[in-house]
Amino acid sequence: MGRNLVRSALFPGSFDPPTRGHLDLVSRGLAVFDSVTVAIAQNIDKQPASQMFSPEERVALWRECLDERAADASLSVCTFSGLVVDFCRERGHDVILRGLRNGVDFQYEFQMALTNRQLSGVETVFLLASPENAFVSSSLIRDVVRHGGDVTAFVPDPVARALRERPKP
Ligand code: ADP
């Protein structure tokens with residue numbers, strides 16, 4: 001059986017906005033893989049009005065967040081559109097990295113991972129969320145922010161700053 005231990009992981013998602021949970025997953029992913037690339041989905045069916053940050057703003061935020069953890073050549077950030085498995089193969093990544101917070105994530109990810117493997121042969125590798133982040137989600141953060149709440153505890157400092165500086169609707 002062939003063994004190739006050099007592993008490049010693609011971590012795709014919406015990341016609107018990036019949270020402490022996402023950042024934790026990337027840090028832990030780097031302990032498992034040689035490189036991790038965060039890939040922000042340019043989601044054509046999500047209306048700009050329902051977005052907190054544009055995909056380009058999310059790239060800039062991720063870069064700021066990762067800089068704070070000592071910039072590392074094994075980390076990169078990009079956007080993608082289309083099928084994640086096509087992007088993964090085009091860019092030569094070995095696996096897709098995803099996080100699991102609970103059974104609801106599992107139901108969804110199980111179906112997605114098997115579909116992606118069937119489509120392309122690309123495997124998905126999961127890391128469990130850290131207990132302190134397991135309840136954190138971008139959608140909940142968007143809700144709290146829309147109602148004027150403070151999400152500083154749930155997001156990295158650059159994201160908290162960007163949220164404070166956003167023009168109020
Ligand atoms: P998507 O819209 O593709 O689900 P998200 O930005 O919500 O994108 O999440 C991207 C990935 O990060 C998913 O695998 C998700 O399970 C994982 N994730 C989200 N929140 C957390 C968290 N708090 N801890 C660990 N992983 C998380």
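Coordinate-derived values only; no laboratory data. Since this is a predicted model, take the numbers as computed values, not measurements. Using ideal geometry, Cβ is built from the backbone for each residue, glycine included, and neighbour counts are taken over all protein chains shown.
Against the globular-protein guess of 2.2 N^0.38 Å, express the Cα radius of gyration of the chain as a ratio, rounded to two decimals.
1.03
Choose one of LEU23, ALA153, CYS88: the residue whose Cα lies farthest towards the positive end of the charge dipole of region 12-169 (beta-carbon charges +1 Lys, Arg; -1 Asp, Glu; about the Cα centre).
Farthest towards the positive end: ALA153.
When only Cα pairs under 8 Å and 6 or more residues apart are kept, what is the percent relative contact order across region 81-169?
Relative contact order for region 81-169 comes out at 25 percent.
So what is the relative contact order for the chain, in percent, with contacts set as C-alpha pairs under 8 Å and at least six apart?
Relative contact order, the chain: 30 percent.
Can you compute the helix-only [θ] at 222 nm over the chain? Use -39500 (n - 2.57) per DSSP H run of at least 4 residues, normalise by all residues, nearest 500 deg cm²/dmol.
-12000 deg cm²/dmol
Using the Cα centre as the reference, give the magnitude of the dipole from point charges on the C-beta atoms of the chain (Lys, Arg: +1; Asp, Glu: -1; all else neutral), rounded to the nearest 20 debye.
So the dipole magnitude of the chain works out to roughly 140 debye.
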